[in-house]
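Worksheet for the structure shown next.
The values are calculated or read from the model by the stated rules, or taken from the named source; none is laboratory data. Given the structure is predicted, the values throughout are model-derived calculations rather than measurements. Heads up, the Cβs are rebuilt from the backbone with ideal geometry, glycines too, and the neighbour counts pull from every protein chain shown. All accessible areas refer to the heavy atoms of the entire protein, side chains included, with ligands and DNA or RNA removed. Shrake-Rupley method; radii C 1.70, N 1.55, O 1.52, S 1.80 Å.
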Amino acid sequence: MAAAPRKAINVPFQKNYVPTWAGDHIKYFNGGNEIQLYLDKYSGTGFQSRGSYLFGHFNMQIKMVPGDSAGTVTAFYLSSQNTEHDEIDFEFLGNRTGQPYILQTNVFTGGKGDREQRIYLWFDPTKDYHYYSVLWNLFFVDDVPIRVFKNSKDIGVRYPFNQPMKLYSSLWNADDWATRGGLEKTNWANAPFIAAYRGFHIDGCEASTNETFCATQGRRWWDQNEFRNLDAKQYDRLRWVRERYTIYNYCTDRSRYPTMPAECQRDRDV
């Protein structure tokens, strides 16, 4: 049997993260256990992890920008720091009041991305905090799997496993593409736009930027077999997301990929 990821413990922002730009657009509450990112017409803002990680469980609780959030993007992602970089993305695309948020995920390996999937969420992400997490190669919203990206190195697909990555998050203006392909622009009369965060614990294999092997391999909860794949019930939940909430999947886009990408069949995520 597979298992859902464990809930992260609450620790202050300062323990594991630092601002990366526009630090004056970050506000701290409850001793740093909660923060808010602000976007106005002058600047957005962002932060990153202090350490770099090879793999593990990476989680954040986020409450999205409420109301008319068209043109804004709230991002939570992992990325290595080199030219052939690896990256694992959650991007939340704002919308007009009353229209649903879109969650876009993407995976870059060896500098190659173009693996977008887009879903609607089955709840209003502006009303309360929800968990967004990566556990090895599995993407979760709360305890619901929304994406799988298995190791397919044996069939020629690079895998984000041996380049240490930092965690990043940001709130920024992307009204040239974020909402309806850029047709809906950011309404600055509604600024500031505010996204709230908590749950800053990181449970991963920390490594220097030169390391490619985790010294704790096999000894952490997320390194056990039950957390490396989905079971039948979890695949049923993933199928539920695909059938009811998926609005774009690169695996089925024959205009971009006349032949289905090799990893898509293995992922059982079509």
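The table below lists the values:
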read-out	value
Cα-based equivalent ellipsoid of the chain: semi-axis lengths in Å, sorted from largest, via gyration tensor	28, 23, 18
Average accessible surface area per residue within the chain, 1.4 Å rolling probe, Å²	45 Å²
Inter-probe distance in nm under a simple model that places probes 7 Å from Cα toward Cβ, at Lys127 and Asn33	2.5 nm
Spacing of the two label points (7 Å from each Cα toward its C-beta) at Asn187 and Asp114, in nm	3.7 nm
Highest-first arrangement of 94-103, 251-260, 174-183, where packing means the average Cβ count within 10 Å	94-103, 174-183, 251-260
Contour excess over end-to-end distance, with Cα ends at Trp21 and Arg239 and 0.36 nm allotted per residue	74.6 nm
At q = 0.18 Å⁻¹, base-10 log of I(q)/I(0) for segment 39-166 (Debye sum, equal scatterers on each alpha carbon)	-1.04
Pairwise FRET efficiency - Trp177 versus Arg266, Cβ, R0 = 25 Å, nearest 0.05	0.25
